[in-house]
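What follows is a set of notes on a single structure, which appears directly below.
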């Protein structure tokens, strides 16, 4: 069974560019979560999605950040006009319906130069 | 917002020793999860706890859901070098459906052979 897959693993962007992070959940999981981790800190919740729906985006910055989980294909976290403060590790997790257990991908490490 | 205070921040122990770490909150959580993260990787789920007072084991790991619902503990017995990593507690405070997890700041574990 493949786990949660994320790509790219590493992404370098210049200030002002766009970053697109992809996440494919585990087979059979229909719930996707995105978290951000700064160095030597815990993970901070950003957004919770189900297919074609945003369930909870209380952790998403109001501007420049968006997320989607289309009917077909991976979930995408999109950061427009990146700034240095966006540099972090971004993790995606998935869970089956009715479970609190979230399984994480390997993360995408975004560096903004 | 909800916060989890995890302690200790770091531990340096000898191989074979037992380890204890805990997580406390000022508010009630309905589910507690413990994760381990290796450098450059995503968190891996170790144990999930669903009921106050519950004690659950996974090999040399034992975790407990505090009676007050405001704390949880993780013990590792007879530590080995591969136990090295960062351990995170995480809690879910919601009601009837699951969603975002709140994470502690992590405990960095170093095991000396």
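Quick one: plug the Kirkwood hydrodynamic radius of chain A (C-alpha pairs) into Stokes-Einstein at 10 °C, 1.306 mPa s, and report D in µm²/s.
My calculation gives 114 µm²/s for D.
Which log10 I(q)/I(0) values does segment B:10-76 give at q = 0.13 Å⁻¹ under the Debye formula, counting every alpha carbon as one identical point scatterer?
For segment B:10-76 at q = 0.13 Å⁻¹, log10 I(q)/I(0) is -0.39.
Based only on other Cβ atoms within 10 Å, what is the fewest-to-most ordering of B:100, A:27? Display every interim value, and only then the final one.
Numbers: B:100 22, A:27 10.
Starting with the residue having the fewest Cβ neighbours, the order is A:27, B:100.
Tell me, Kirkwood radius of chain B from alpha-carbon pair distances, in Å?
On the way: mean 1/r = 0.0710 Å⁻¹.
For chain B, the Kirkwood estimate is 14.1 Å.
If one computes the Cα centroid of segment B:72-113 and of segment A:38-105, what distance in Å separates the two points?
With segment B:72-113 and segment A:38-105 each reduced to a Cα centre, they are spaced 21 Å.
Sorted from fewest to most neighbouring beta carbons within 10 Å, what does the list B:76, A:54, B:47, B:67 look like?
Final ranking by Cβ density, sparse to dense: B:67, A:54, B:47, B:76.
Put one equal scatterer on each alpha carbon of the protein assembly as shown, apply the Debye formula with no solvent term, and list log10 I(q)/I(0) at q = 0.15, 0.16 1/Å to two decimals.
-0.99, -1.11
When the Debye formula is applied to the Cα atoms of segment B:72-113, each taken as the same point scatterer, what base-10 log of I(q)/I(0) results at q = 0.31 Å⁻¹?
-1.12
Every read-out reported here was derived from the displayed coordinates using simple, explicitly stated rules and does not represent laboratory data. Here the structure is a predicted model, which is why all the values come from computation and not from measurement. A quick note on method: Cβ atoms are made from the backbone with ideal geometry, for glycine too, and the neighbour counts reach across all protein chains shown.
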